[in-house]
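Visitor: One structure is given below, represented as structure tokens, and several questions about it will come after.
The values are calculated or read from the model by the stated rules, or taken from the named source; none is laboratory data. Quantities reported herein were computed from a predicted structural model and do not represent experimental measurements. Heads up, the Cβs are rebuilt from the backbone with ideal geometry, glycines too, and the neighbour counts pull from every protein chain shown. For accessibility, only protein heavy atoms count, side chains too; no ligands or nucleic acids. Shrake-Rupley method; radii C 1.70, N 1.55, O 1.52, S 1.80 Å.
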Amino acid sequence: MIPAELDAESLYRKLEEQVLSALKGTDKLAVAGIYSGGAWLAERLAKTLGVNDIGYVDVSFYRDDVAERGLSAEVKPSQIPFDVDGATILLVDDVLYTGRTTRAAINTLFD
């Protein structure tokens, strides 16, 4: 049996509770998932939150280390089909480490 702290579903439920609590009463909420790992997680959170405004962001061109890493073999177009002005945007990724991807995603959304 997998310990609860390592079980993906248990971790997701904990994340879900924290997001619901933090965003309670938020007007004009949108969800943006970062390709690739954050996209499926964003879809699941948007469904749970009852959010219809969902988009996807590819940060490949916006990372400050693109010259070192090179471009991904599978660059996808960002899709933000909603107005970001005045929106609270829940930016979702599957891994948070240095913050480079998060900063690049914010640059993508507001470029």
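Visitor: Scan the stretch 20-37 for residues that are assigned to a strand (DSSP E or B) and closer than 14 Å to LEU109 by Cβ and jot them down. Step through it out loud before you land on a result.
Guide: First, pick out the residues of the stretch 20-37 that are assigned to a strand (DSSP E or B): 29-34.
Listed by number, the residues that qualify are ALA30, VAL31, ALA32, GLY33, ILE34.
Visitor: Right, here's the next one. So which of GLY55, GLY86 is open to solvent by less than 90 Å² (accessible area, probe 1.4 Å), in a loop (DSSP other than H, G, I, E, B), of a type outside the set (A, V, I, L, M) and modelled with pLDDT of 90 or more? Walk me through it before giving the result.
Guide: Values: GLY55 fails: in a loop (DSSP other than H, G, I, E, B).
Just one listed residue meets the conditions, GLY86.
Visitor: Restricting to the stretch 16-35, and then to whatever is under 20 Å from GLY99 (Cβ atoms) and touching a residue at least 24 places away in the same chain (Cβ under 8 Å), can you tell me which residue is most open to solvent (accessible area, probe 1.4 Å)? Explain how you work it out, then say what you get.
Guide: So in the stretch 16-35, the residues under 20 Å from GLY99 (Cβ atoms) come out as 18-19, 22, 31-35.
Narrowing further to those that are touching a residue at least 24 places away in the same chain (Cβ under 8 Å): 19, 31-35.
Details: VAL19: 18, VAL31: 0, ALA32: 0, GLY33: 0, ILE34: 4, TYR35: 58 Å².
The qualifying residue most open to solvent (accessible area, probe 1.4 Å) is TYR35.
Visitor: Quick one: in the stretch 89-111, of everything that is part of a loop (DSSP other than H, G, I, E, B) and without any contact (Cβ under 8 Å) to a residue 24 or more places away in the chain, which residue is least open to solvent (accessible area, probe 1.4 Å)?
Guide: Of the stretch 89-111, the ones part of a loop (DSSP other than H, G, I, E, B) are 93-99, 110-111.
Those left that are additionally without any contact (Cβ under 8 Å) to a residue 24 or more places away in the chain: 96-99.
Working: LEU96: 138, TYR97: 205, THR98: 91, GLY99: 34 Å².
Ranking the qualifying residues of the stretch 89-111, first place goes to GLY99.
Visitor: Inside the stretch 1-19, can you point out the residues that are in contact with a helix residue (DSSP H, G or I) (Cβ under 7 Å, 6 or more places away or on another chain) and either under 20 Å from ALA87 (Cβ atoms) or assigned to a loop (DSSP other than H, G, I, E, B) (or both)? Walk me through it before giving the result.
Guide: Just the residues of the stretch 1-19 that are in contact with a helix residue (DSSP H, G or I) (Cβ under 7 Å, 6 or more places away or on another chain), to begin with: 4, 10, 16, 19.
The one that is in contact with a helix residue (DSSP H, G or I) (Cβ under 7 Å, 6 or more places away or on another chain) and either under 20 Å from ALA87 (Cβ atoms) or assigned to a loop (DSSP other than H, G, I, E, B) (or both): VAL19.
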